[in-house]
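Below is one structure, written out as structure tokens; comments come after it.
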Amino acid sequence: MKHAIELTINGKCYQIEVEPEERLLDVLRDRLGLIGAKEGCSTGDCGACTVLMNGQAVTSCMILAVAVDGADITTIEGLEKDGEIHPLQKAFIEEGAVQCGYCTPGMILSALALLKENPEPSDDEIRRALAGNLCRCTGYTRIIAAVKAGAERMKNHG
Amino acid sequence: MDDQKAYAIVGHSMLRPDAREKVRGRAVYVADFRLPGMLFARVLWSDRPHARILHIDTRQALDLPGVYTVVTADDAPNTRYGVYLKDQLIFARGKVRHIGEPVAAVAAESEAIAEKAIEKIVVQYEELPAIFEPIEAMKPGAPLIHPDLESYEATYPKIVKGNVCLYTRLSMGDTEKGFEDADYVFEDTFKTQPMYQGYLEPRGAVASFDFNDKLTVWTSNQQILVCQAELATALEMPMTQVRVIGTAIGGAFGGKLKTSVEPIAALLAKKSGRPVRLVLTREEDFIASRARAPYILRLKTGVKANGKITAKSVELIADCGGYSDHVVGTMGLAVSFSQGPYKIPNAEAKGYCVYTNNPNYSCMRAYGVHQMCFATESQMDIIASKIGMDPAEFRRRNLAEDGDVLVTTQPLRSVTVDQTMAQVLKACHWEEKRKASKQRGVKNFYGIGMANTILNMGLLSSAAIVKINEDGTASVLTGAVDLGTGNHTALAQIAAEELGMKPNDVNIAAVDSDSSPYDLGQIASRTIFDCGNAIKLAANDARRQLFATADEVLGAEGRELRASEGNVYVRDEPDKKISIRDLMGYRLYFKGGPIIGRAGWLGKPGFDHLVGEGYPQPPSVTFVFGTHVAEVEVDVGTGQVKVERITAAHDVGRAINPLGVAAQIEGGVVQGMGYALYEEMQIHEGVVQNPDFLNYRMPTILDAPEIVPIILEIPEEYGPFGAKGIGEPTNMGPPPAIANAIYNAVGVRVKELPITPERLLHALDDKKTREA
Ligand code: FES
Ligand code: FES
């Protein structure tokens, strides 16, 4: 039995018919081609599939599509404005916080959710906000640096 | 040696061009890949550790709407393949040897349908006696896992018996006499665990056949050209009919070698006539993993009262699980480096690789030297403490130097461990901190420990082609993929430096076995060293051709030419210059024709014969050294260990991209810390008990310690611009350094990894009982 849902993704409104077992991650990746959300574990443990739902960072592998009716979703693809990448994305590049890149979209979105609530987080606050995002490549040092640099940049961008 | 200041590009930190698409979520990994008409695959894995296959019934699966095809061993050639020992098949034939061995696979319209079909396949098994302990498996009369082992083809002088698929023995000097001369003899046994590589992108591949029966495979493999060759062998096809293309890779760390999912996707694509995508779930990736093999390491070391080591003998036993895979190779390196970076005149090393019905183990970052390093460096501290010497001083008295000989009888060169040690100890204030009081509060204790590392550098062949384009840029064809380490950025720097171009004017082409020249792969920390050498030589070949034309066009009459920022000029008369773009115009439309620079590279060690019995490895070209110091806080109430800081000094010869080197050190250190403290694939009767990221605990950002990378640059004669690779050694230091720091903090020695709170509490209890 299909369900009709309506939701906003990256500022665009979508009406979609979904299967009861379909996950938000499947809708994004398989139906809309928004491949920036990655599937790393399917059990909510790695954070690679993180997106923003009504401003909160959520693991989209754990959310059924039927449950996002009416929600406002932001994926990594939604961060660019007028062809310009977001200051936080820029900070990840410049701080060398990207290696294989598989964790990167989720990491950036978790960090963004934090910075929206807390524009000047301490190291500890950054660590707590990103505790659900695994990265096997970087050792995390540069990710913390990137979030701090991103916070600075975001202040300057108003 | 060249002066670093002379380099415009090499040695300067560069941001990675690929980061741009990665932060935007645009990089295309295997799971992001779609082809028209593509089907989705799922695999039926053996759920028995050891069983005869009586019958496989696939009819009900095939009857499901949406299912296109089912494949089993009947659809695959009966050709065994493998990297060291040809013991493997695409699908289990006749019997299964471990849980997670592929038995059948389905291609269907969706993953959900394929999954349902898998559940409908009925396999009738007859259980066979299974064996899970390598020591049991070595005993006479143990059930044979590969009864045909004797007849398997191997790339090494095979000495096999029962379930032992590799026996090797190396020796040097007179070990017996060495032990007699010793004032003390230490015997310790260490154990390491199966470690999962934990790359965030699960393994996957897309396969497609064209109308001429040519196979194309897209994969996130770390050995694209080796994958091509192995696919050709496994499928009994000529290599010309097998094309393998590298996609973006979400981490590998030794877990995406040779072939794994690729032949399955290929067989499904062949039988269904459609492109097929097979991406493992995380659980499958665990169950069918190629984890770092667990080792048992028995060490015996003789020492004089003055701290000089007189002899060392080791006996290593590695559990292969159901198939030998890379375990045989890891043993080769483990025995080679069984002395550590120390001068030990009398040495013996024995290694056994043993089949069991555990999962198919293999290798990970730093191969078998990783396991060996934990044992050696732990025992160094055990000895130092018994003879009442500072562990740094004890190591200093035994440090190897150039010309000292490994147990393989290969002489060491480029030994710089004295310098990595000196730098790191100074940076972390070793002397003061060792003496400082340990107790912090009631239950917490501070400790500091160290470990040295040694690893081989340079492994077999690479090649490169450099094309100079008409706009004055260059494209580099190489078989090297970027695992995520940023090696393409550094390789572009090498080419740009040699060509006198801007780094952004050099493109490292995507790897495609149809056009990329041979490369052994992104393994063994070899990319910067071996591929870097090939690329430097090929760029030099292209430059030579450019200069010949420039000489003519500029009227330089043989005077020395230079190239920089895309221009070629006369060294003594820099105004006499021409752009590479204009030179190419001249070449393409007037004289000379297109420019292709090319080179093949096979690092030649200054040593060309192998010694010992049953030894499976080629000799090293050169060696790479490092030292780690770990600082920890131990809570004796909970057994928790908090790693506060790791100071890691590595001699990289030359840091082509210093930013990239520091990033490698940081990532490697945290992985090593995971191995030391948390990570273990728990196997019970062949079943992985924790096949998910909740129960297989990798370090999170909460665990990440402060990391102080110290990069030493002592140019290596054989390295491109003096560089050595650094991917693996960064991962070796933390386990022993942390174990030694724990001992320093609370006086207990844990010889089995990981050092979990339970193990540590147990050891603390033992100590209390002994003292009481
Ligand atoms: S894929 Fe969703 S948390 Fe890992
Ligand atoms: S960059 Fe590879 S997992 Fe984070």
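The values are calculated or read from the model by the stated rules, or taken from the named source; none is laboratory data. Worth saying up front: this structure is predicted, and the values here are computed from it rather than measured. Note that each Cβ is placed from the backbone with ideal geometry, even for glycine, and that neighbours are counted across all protein chains shown. Please note that ligands, DNA and RNA were not included when accessible areas were found on the heavy atoms of the full protein model with its side chains. Shrake-Rupley method; radii C 1.70, N 1.55, O 1.52, S 1.80 Å.
Which members of region A:31-51 meet the condition of being more than 9 Å from ligand 1 (Cβ to nearest atom) and out of contact with any Lys or Arg (no Cβ under 9 Å at 6 or more places or on another chain)? The answer is A:R31, A:L32, A:L34, A:V51.
Inspect all residues belonging to region B:238-256 and state whether any of them is within 16 Å of ligand 1 (Cβ to nearest atom) and open to solvent by less than 10 Å² (accessible area, probe 1.4 Å). Walk me through how you get there before you give the answer.
Step one: filter region B:238-256 for residues within 16 Å of ligand 1 (Cβ to nearest atom), giving B:250-251.
Now restrict to residues that are open to solvent by less than 10 Å² (accessible area, probe 1.4 Å): B:250-251.
Yes; the residues of region B:238-256 include at least one that is within 16 Å of ligand 1 (Cβ to nearest atom) and open to solvent by less than 10 Å² (accessible area, probe 1.4 Å).
Just give me the residues in region B:453-469 being farther than 25 Å from B:G603 by Cα and touching a strand residue (DSSP E or B) at 6+ places or on another chain (Cβ under 6 Å), in sequence order.
The first filter runs over region B:453-469 and keeps only residues farther than 25 Å from B:G603 by Cα, leaving B:468-469.
Of everything in region B:453-469, just one residue is farther than 25 Å from B:G603 by Cα and touching a strand residue (DSSP E or B) at 6+ places or on another chain (Cβ under 6 Å), namely B:I468.
Looking at A:G83, A:G132, just one residue is among the small types (G, A, S) and more than 24 Å from B:G484 (Cβ to Cβ), and that residue is A:G83.
From the residues in region B:697-725 that are open to solvent by 30 Å² or more (accessible area, probe 1.4 Å) and assigned to a strand (DSSP E or B), which one is farthest from the other protein chains (Cβ to nearest Cβ)?
Let us first name the residues in region B:697-725 that are open to solvent by 30 Å² or more (accessible area, probe 1.4 Å), namely B:697, B:702, B:706, B:708-709, B:711, B:713-715, B:717-718.
In the following step, the residues that additionally are assigned to a strand (DSSP E or B) were identified as B:706, B:708-709, B:711.
Working: B:E706: 8, B:V708: 10, B:P709: 9, B:I711: 14 Å.
Among those that are open to solvent by 30 Å² or more (accessible area, probe 1.4 Å) and assigned to a strand (DSSP E or B), it is B:I711.
With the structure loaded, tell me whether B:V10 is surrounded by 16 or more Cβ atoms within 10 Å (Cβ to Cβ), more than 16 Å from ligand 2 (Cβ to nearest atom) and not assigned by TED's automatic domain parsing to the domain that holds B:K116 or whether it fails that test. So that I can check it myself, show each step before the final result.
Details: surrounded by 16 or more Cβ atoms within 10 Å (Cβ to Cβ): yes; more than 16 Å from ligand 2 (Cβ to nearest atom): yes; not assigned by TED's automatic domain parsing to the domain that holds B:K116: yes.
Here the answer is yes, as B:V10 does meet what is asked.
Please specify each residue of region A:112-136 satisfying the condition of being within 13 Å of chain B (Cβ to nearest Cβ) and within 16 Å of ligand 1 (Cβ to nearest atom). Once the filter is applied, which keeps residues that are within 13 Å of chain B (Cβ to nearest Cβ) and within 16 Å of ligand 1 (Cβ to nearest atom), region A:112-136 yields A:A129, A:L130, A:A131, A:G132, A:N133, A:L134, A:C135, A:R136. Between a residue in region B:750-772 that is under 27 Å from B:Y696 (Cα atoms) and any residue that is of a type in the set (S, T, N, Q) and outside any helix (DSSP H, G or I), which pairs come within a Cβ distance under 7 Å, given they are 6 or more apart or on different chains? Every condition considered, the pairs that remain are B:K751/B:T189; B:L753/B:T192; B:L753/B:Q193; B:P754/B:Q193; B:P757/B:T638; B:P757/B:Q640.
Applying the condition of being facing chain B (nearest Cβ under 10 Å) and open to solvent by 50 Å² or more (accessible area, probe 1.4 Å) to region A:30-42 and asking which residue is nearest to ligand 2 (Cβ to nearest atom) yields A:E39. Evaluate the following for A:L79: is it away from ligand 2 (no atom under 14 Å from the Cβ) and touching a residue at least 12 places away in the same chain (Cβ under 8 Å)? Yes: the conditions hold for A:L79. What are the residues in region B:651-669 that are β-branched (V, I, T) and open to solvent by 10 Å² or more (accessible area, probe 1.4 Å), if any? B:V661 - this is the single residue of region B:651-669 that is β-branched (V, I, T) and open to solvent by 10 Å² or more (accessible area, probe 1.4 Å).
Can you tell me which residue in region A:144-153 is farthest from the other protein chains (Cβ to nearest Cβ), limited to those that are open to solvent by less than 40 Å² (accessible area, probe 1.4 Å) and touching a helix residue (DSSP H, G or I) at 6+ places or on another chain (Cβ under 6 Å)?
A:A151
Take the residues in region B:410-439 that are over 14 Å from B:T647 (Cβ atoms), of a type in the set (D, E, K, R) and within 33 Å of the chain's Cα centre (by Cα), then tell me which one is surrounded by the fewest Cβ atoms within 10 Å (Cβ to Cβ). Looking at the filtered set, the residue picked out is B:D418. The number of residues in region B:388-409 being touching a residue at least 40 places away in the same chain (Cβ under 8 Å), more than 19 Å from B:N346 (Cβ to Cβ) and open to solvent by 30 Å² or more (accessible area, probe 1.4 Å) comes to 3.
Per-residue answers, yes or no, for (1) more than 20 Å from the chain's Cα centre (by Cα); (2) over 22 Å from B:G368 (Cα atoms); (3) assigned by TED's automatic domain parsing to the domain that holds B:P754:
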| position | (1), (2), (3) |
| --- | --- |
| B:V621 | no, no, yes |
| B:G637 | yes, yes, yes |
| B:G660 | no, yes, yes |
| B:G672 | no, no, yes |
| B:A676 | no, no, yes |
| B:M681 | no, no, yes |
| B:L694 | yes, yes, yes |
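Within region B:158-169, restricting attention to residues that are outside any loop (DSSP other than H, G, I, E, B) and open to solvent by 30 Å² or more (accessible area, probe 1.4 Å), the residue that is farthest from B:K300 (Cα to Cα) is B:K161.
Just to be sure I understand, how many residues within region B:102-123 are over 30 Å from A:E19 (Cα atoms) and open to solvent by 10 Å² or more (accessible area, probe 1.4 Å)? Please lay out each step first, then the result.
Let us first name the residues in region B:102-123 that are over 30 Å from A:E19 (Cα atoms), namely B:102-103, B:123.
Restricting the remaining residues to those that are open to solvent by 10 Å² or more (accessible area, probe 1.4 Å) gives B:102, B:123.
Residues in region B:102-123 being over 30 Å from A:E19 (Cα atoms) and open to solvent by 10 Å² or more (accessible area, probe 1.4 Å): 2 in total.
When you check B:A648 against the structure, is it among the aliphatic types (A, V, I, L, M), within 14 Å of chain A (Cβ to nearest Cβ) and open to solvent by less than 10 Å² (accessible area, probe 1.4 Å), yes or no? Yes, satisfied.
Taken over region A:130-158, residues that are part of a helix (DSSP H, G or I) and either away from ligand 2 (no atom under 16 Å from the Cβ) or in contact (Cβ under 8 Å) with a residue 60 or more places away in the chain (or both) amount to 9. For B:L694, state whether it is within 10 Å of chain A (Cβ to nearest Cβ), in contact with a Gly (Cβ under 9 Å, 6 or more places away or on another chain), open to solvent by 40 Å² or more (accessible area, probe 1.4 Å) and outside any strand (DSSP E or B). Spelling it out, B:L694 is indeed within 10 Å of chain A (Cβ to nearest Cβ), in contact with a Gly (Cβ under 9 Å, 6 or more places away or on another chain), open to solvent by 40 Å² or more (accessible area, probe 1.4 Å) and outside any strand (DSSP E or B).
A quick yes/no check of all residues on (1) within 16 Å of ligand 2 (Cβ to nearest atom); (2) within 14 Å of another protein chain (Cβ to nearest Cβ); (3) open to solvent by less than 50 Å² (accessible area, probe 1.4 Å):
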| position | (1), (2), (3) |
| --- | --- |
| A:A4 | no, no, no |
| A:L28 | no, yes, yes |
| A:C46 | yes, yes, yes |
| A:L64 | no, no, no |
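Taking region A:85-129, which residues are hydroxyl-bearing (S, T, Y), open to solvent by less than 20 Å² (accessible area, probe 1.4 Å) and more than 12 Å from ligand 2 (Cβ to nearest atom)? Listed by number, the list holds a single entry, A:S110. Within region A:94-109, residues that are more than 7 Å from chain B (Cβ to nearest Cβ) reach partners that are near ligand 2 (Cβ under 9 Å from one of its atoms) and hydroxyl-bearing (S, T, Y) with beta carbons closer than 7 Å, at six or more positions or on different chains, in the pairs A:A97/A:T138. In region B:469-506, of all residues being among the β-branched types (V, I, T), in contact (Cβ under 8 Å) with a residue 60 or more places away in the chain and buried (at least 24 other Cβ atoms within 10 Å of the Cβ), the one that is farthest from the other protein chains (Cβ to nearest Cβ) corresponds to B:V476.
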